[in-house]
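Notes follow once the structure below has been shown.
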Amino acid sequence: MSRVWRLGMAAILAAVGVLWGEEAAEAVACSADTYAARATRDLKFDGLANFGVVEAGVLYRGCQPFTKGKTSASGKRGNGFDTLKSLGIKCRILLRESTKTMEHLDEKIELANRGIQLFHLPVPSPSWSHMAPGAAVPASYTAAITRARDKFMEIVSNKQNHPCYVSCLHGKDRTGALVGWYRAVVNKWKPKRIFAEQKVCKYNPAGPLIYYRRVFCEWYRAKFGSDPDCDKVLGL
């Protein structure tokens, strides 16, 4: 892709960020089925479903890049790794657990061939029993998400890594959890706005994000004090 095209795309993404940056809590930059009609409808994110602009030029989010996928936003088949390269992505933050599958090995090759650095921050997906209302958060999961959070913030705070692309498998729950911490620390968002963005980005109401929200809310209360939306999550 030409430098002019990349600069043009960056300008469009920046405009999207400005357009939604100070809107109501539900304003967000995820481009998938129910919100394809928003500002991202004209952008061709081939091979990247549920794509979103967290902060233009700094951090983007979405699903596992496809090599022969069909995106919801553009309706075209394409290689998601080519799209990452065209967007100027310098680092890919992977939140999935396994590093031994052929899919993961293929991704390492795809990224290396495009000069994109890979950071693997494994975040487990809790079992249903762990996500039951009132169930205690196992220490192993709390430790895992805490390690991933701290490393994630270290990576995205380093301008040498910008722009970054973060995803798990679907770009909904584990991705939403880590982006939620970014919103709280960097963008100074309140939990209500963070939870609204997670909803728009198609989180699973019975999935792992519910579990990790409790870890987030315990951290938020310790750092910023009581918050009504976090109190509700924690049953306080």
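Quick notes on this one:
- Take the Cβ atoms of residue 204 and residue 226, set R0 to 30 Å, and the FRET efficiency comes out at 0.65.
- Extended-chain gain in nm, criterion 0.36 nm per residue less alpha-carbon gap, residue 109 and residue 218: 35.4 nm
- Residue exposure sequence - 63, 91, 168 - by fewest surrounding Cβ within 10 Å: 91, 63, 168
- For the set 90/192; 90/223; 172/192, the pairs lying more than 29 angstrom apart at their alpha carbons are 90/192; 90/223.
- When the charge dipole of the range 164-236 is built from unit charges on Cβ atoms (+1 for Lys and Arg, -1 for Asp and Glu) and taken about the Cα centre, the candidate among 198, 215, 168 whose Cα reaches farthest toward its positive end is 198.
- Footprinting exposure proxy ranking of 192, 85, 159, fewest other C-beta atoms within 10 angstrom first, gives 159, 192, 85.
- Gain in span if fully extended, residue 67 to residue 160, counting 0.36 nm per residue against the direct Cα distance: 30.8 nm
- Amide hydrogen proximity for residue 189: with H placed 1.01 Å from N in the peptide plane, the residues at 5 or more positions away or on another chain lying under 5 Å are 184.
- 3J(HN,Hα) along the range 210-218, derived from phi through the Karplus expression 6.51 cos²θ - 1.76 cosθ + 1.60 where θ = phi - 60°, amounts to 4, 5, 6, 4, 5, 5, 4, 5, 5 Hz, with x in place of Gly and Pro.
- Other residues with beta-carbon under 12 Å from the beta-carbon of residue 148 carry, at +1 per Lys or Arg and -1 per Asp or Glu, a net charge of +2.
- Least to most buried among 172, 190, 223 (fewest other Cβ within 10 Å first): 223, 190, 172
Coordinate-derived values only; no laboratory data. Because the structure is predicted, anything quoted here is derived from the model rather than measured. Here Cβ is always computed from backbone atoms with ideal geometry, including for glycine, and neighbour counts include all displayed protein chains.
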